[in-house]
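This report refers to the structure that appears directly beneath it.
Here, each number is a calculation from the coordinates, and none is a lab measurement. Predicted, not measured: the structure shown is a model, and the values here were computed from it. All Cβ positions, even for glycine, are placed from backbone atoms using ideal geometry, and neighbour counts span all protein chains on display.
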Amino acid sequence: MTDVNQLASSTSPYLLQHAGNPVAWHQWGDEALAKAKAEDKPILLSIGYAACHWCHVMAHESFEDAATAALMNERFVNIKVDREERPDLDAVYMTAVQAMTGQGGWPMTVFLTPDGVPFYGGTYFPPEDRHGMPAFARVLRSVSDAYRERRGEVEATTARVRELYAHAADPALATGPFTAATLDRAWVAIASRYDQRYGGFEGAPKFPQTMSLDAALRRGRRTGDAAPTAIARDSFAAMARGGIYDQLGGGFHRYTVDAIWLVPHFEKMLYDNALLARLGAHLWQATGDRLARRVVEETIDWAAREMLSPEGGFYSSLDADSEGHEGKFYVWSVAELDRILGDDASALKAHWGATAAGNFEGMNILHDAGPEVPGDVLRRGRAALLAARGARVRPGRDEKVLAAWNGLMLRAVAECARLFDRDEYRELALRNAEFLFTHLVRDGRAMRTRTAGVTAIGGFLEDHAALGLAALAMYDLTLDGRWLARARTLAEGVNRWFWDEPARAFFDTASDAEPLITRPREVTDNAVPSGTSLAAELLLRLAELDANDEYRRRASWVLDTLTEPAARFAPAFGHLLGVADMAVHGAVEVAVAGDPAGEDTRALLAEVARHYLPGLVLAAGVPGDAGESALLRGRSMIGGRATAYVCRGYACDVPVTETAALAEQLERAATNSAR
C-alpha cells in the first residue's frame, strides 16, 4: 500500500471531506492493519462525522497542514473512520478513551498498536498548547517516541486496556425483576434533574433528552399525575420557542450551548428530529397542544424538503457551518431584517427577539420572544426570510442514508400519518419504507448504509431492530400484512445474528461480523436508543401481536438484567424505560375485526388514533386472513359491522361497534395497570 491518501474511493461524506488532506489517510480494513504490522508503526485512528464542528476545526488546523501531515505520515499509519458508518469501532475505542481521560467526544483521536489495541487517546488537540491541552504535533512526537523507545510502557498500558475489555462477553445477570417500583425509582431519578425554570434537564450544554421526556409523558398518562405530563409539555414548548428550533425552516438543532435553549450548536441530525417528532405527536394526542402539532408537522415537512434523497431515503445530517462559520446560514442582522420584512419588521423583530446588539456574535438567532403577531404577518415574514435564506450558501449535507436512523424517522412519519390523518405523510412513509426494504434489507438482513447508490456494511443490532419497529408502524398505518411479515423476519434476524446464548445478551455486532478486539455491547440509550432496548421492544411488541411466549421471555430477561442500572441511572435508559412500562403494566391490545377499507373500520381506527396509549399494540383486518396477528384470531364482526376488542393483561372489554363506547374503553385501558 502506498503512502498516499486513500479516501477518494470512499462513499462516506465524512471521509470524502478528508480526501484532499496531505495526510496519507487509509480506510479501516485489513490492508491498513497489515501495513502497520509490516512496518511496526502505531496506528493513528481518527473518528468523527460529517456534521461535527470540532472535527472540521481540527481538520483545518492540523490535517490540512503540510508539516503536521508529514509528521503523521512519517511516524504512523493513519486511519480515518466515520463513526456513523462504524458505530462498532466508535464504541470500542470510545470506551478506552473515556477510561484513559475521563471524557469522550469527537473528533476522537486514538493511538493503537498494530494489532488494534489502544494505548493513548483523546479528542480534539489544538495546533499549539492551549487551555491546558497539548499541541497535536507534540502529542504525535511523544506517542511515537514512546512506541519506538519505551515499548515496555506501551505494553503495560495495552495490558491494562485488555483488562478493560476482558469481561465484555461475561454472561448477563438478572438484577430484577423489573417492577412498578423500579419504574417509580427511575422516575424519581429523572424528575430530580428537571430544570423547573427553563425546561429540560440540568444546565448547559442542554440536549433535548427526548427519551426522558417520553418517560415523563408515559408516566403522566399511566398515573393520571399532571406533573410528569407538564414536564414533557413545557420542555417541548421551551425547545419549540427557542433557538434550538429553526423558527423559519423547521427542524431541531442538536443542542444548545446555554441552559435556556437559545444558542444552538447548529448541526441538524436526522435522529434528533425523528425522536422529537414522535414525542411531539404523542404530546398532541395526550394534551391537544397545538404548538406541539405545528412543530411536528414543520419538522416532518423540513425532513421531506431538505433531507430526502431522490431514491426515498433520508439523509443523515446538516453541518453546523457554512462558508467556514458556525451558524452563518441561520442568523440575521437587524439591517437584513429591516430590509427584507419591510413594514412588518418592527413587530416581527420583537416577536423573534432580534436586537441591534444581537444574541450570537453580533447577529440574531430567531426565537419566540413572546410578543404575539397576527398569523398572516408571521406567515408573510417567514416566507420572506426563507426566500432570502435560500439564496445563502447552504450548510454541507451528509448524504449517506443510515438504516437505523431511517427506521427511527420512518416510525415517526408513519405514526404522524396515522395520528394526523395526512395523506402526504402516508405517501412519504410508503416511499421511504419501500426504499429501505428494497435497498437496505437483503435476504432478511439489514445493511448499514447506502450512499451514492451503493449499499455497504452489514447492519448492526440497532439497524435490524429500528427497521423492524418501523415495519410495525407501517403495519399500524396500512394494515398490510406484508409489513408485519417484514417485522417478523427482522426479529428472527435479531435473534439469530445478535443474541449470544452463553452471554444471554444481545451484542451490537453480528456473530459473523469482522472480529474486533472486543465485541461491543452497549445497553444505554444515548443520543439514539440502544440496539438492546430497540430489540427488546421489537420482541415484546411481536410477542403481543403473535402470542409469542419465547419472544416475551427474552425481552423480559433483557429488562431484568438492567433493572438496577435503569433505576439508578434512569436518564441513560430512557427508551428502555418505555419498553419496561409496557412489560410491567401490559400492552393496550386493540383488535378491530373488519374490512380495513370499510368506513366503519376506518371510524374505529380513527378513534384509536385520537388517544395517547402507551404500549398500544394494534391489529385490524378480516379474521382468517393469512399471516394475521394472533390478536384477530377468534374475533368476529357483530351484526356485520366492524368491531373493536380492547384487552389488557389477558382480559378484554366487551366488543364494541360504536366510537363513543370504544373511546371509554381506551381511556380506561390507558390508565389501568394490568399487572
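Numbers for the structure displayed
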| read-out | value |
| --- | --- |
| The range 603-623 and the range 315-356: distance between their alpha carbon centers, rounded to Å | 43 Å |
| The range 170-242 - Debye-derived log10 I(q)/I(0), Cα point model, q = 0.13, 0.23 Å⁻¹ | -0.43, -1.00 |
| Cα lying deepest toward the dipole's positive end in the chain, options 348, 164, 661, charges on Cβ | 661 |
| Interatomic Cα distance distribution for the range 588-671, bins of 10 angstrom, percent | 19, 58, 22, 0 |
| Using alpha-carbon coordinates, inclination of helix 151-165 to the longest axis of the chain, degrees | 0 degrees |
| Exposure proxy order (Cβ contacts within 10 Å, fewest to most) of 30, 625, 258, 398 | 30, 625, 258, 398 |
| Kirkwood Rh and Cα Rg combined as Rg over Rh, evaluated for the range 117-216 | 1.18 |
| Sorted by Cβ neighbour density within 10 Å, fewest at the top, the residues 450, 553 | 553, 450 |
| Subset of 41/80; 80/328; 206/268; 80/206; 35/400 violating a 23 Å alpha-carbon distance limit | 80/328; 80/206; 35/400 |
| Using alpha carbons only: equivalent-ellipsoid semi-axes of the range 488-583, gyration tensor based, whole Å | 20, 18, 11 |
| Paramagnetic reach from residue 192 (point 7 Å along Cα→Cβ, amide N under 12 Å) across the range 562-595 | 567-571 |
| Distance between the range 488-530 and the range 242-306 - C-alpha centres, whole angstrom | 30 Å |
| When the chain is reduced to its Cα atoms, the Kirkwood hydrodynamic radius in Å | 26.4 Å |
| Check: the chain dipole with +1 on Lys, Arg Cβ and -1 on Asp, Glu Cβ, in debye | 620 debye |
| Three semi-axes of the equivalent ellipsoid, the range 517-669, Cα gyration tensor, whole Å, largest first | 34, 16, 13 |
| Among 250, 224, 401 the positive-end extreme of the charge dipole of the chain (Cβ point charges) | 224 |
| 0 to 90° range, to nearest 10: angle between helix 574-585 axis and the chain longest Cα axis | 30 degrees |
| Separation between Cα centres of the range 364-393 and the range 161-212, rounded to whole Å | 38 Å |
| Cys with no candidate disulfide partner in the chain (beta-carbon separation under 4.7 Å rule) | 416 |
| Distance in nm between pseudo-label sites at residue 19 and residue 164 (7 Å out along the Cβ direction from Cα) | 3.3 nm |
| Potential lengthening between residue 4 and residue 663 on full extension [0.36 nm per residue; Cα-Cα distance subtracted] | 230.6 nm |
| Rounded tilt (10° steps) of 461-478 against the dominant C-alpha axis of the chain | 30 degrees |
| Ranked 671, 11, 179, criterion: other C-beta atoms within 10 Å, fewest first | 671, 179, 11 |
| Estimated FRET transfer efficiency when R0 is 41 angstrom, pair residue 99-residue 67 (beta carbons, to 0.05) | 0.80 |
| Helix-derived mean residue ellipticity, 222 nm - over the chain, DSSP H n ≥ 4, -39500 (n - 2.57), to 500 | -15000 deg cm²/dmol |
| Mean Cβ count within 10 Å, highest first, over the residues of peptides 155-165, 598-608 | 598-608, 155-165 |
| Gyration tensor (alpha-carbon) shape descriptor, the range 330-391, a/c threshold 1.5 | oblate |
| Computed FRET value (nearest 0.05) for residue 150 with residue 130, which takes r as the C-beta separation and R₀ as 25 Å | 0.40 |
| Coordinate range along principal axes, alpha carbons of the range 7-165, Å, largest first | 37, 35, 30 |
| Spacing of the two label points (7 Å from each Cα toward its C-beta) at residue 376 and residue 514, in nm | 6.1 nm |
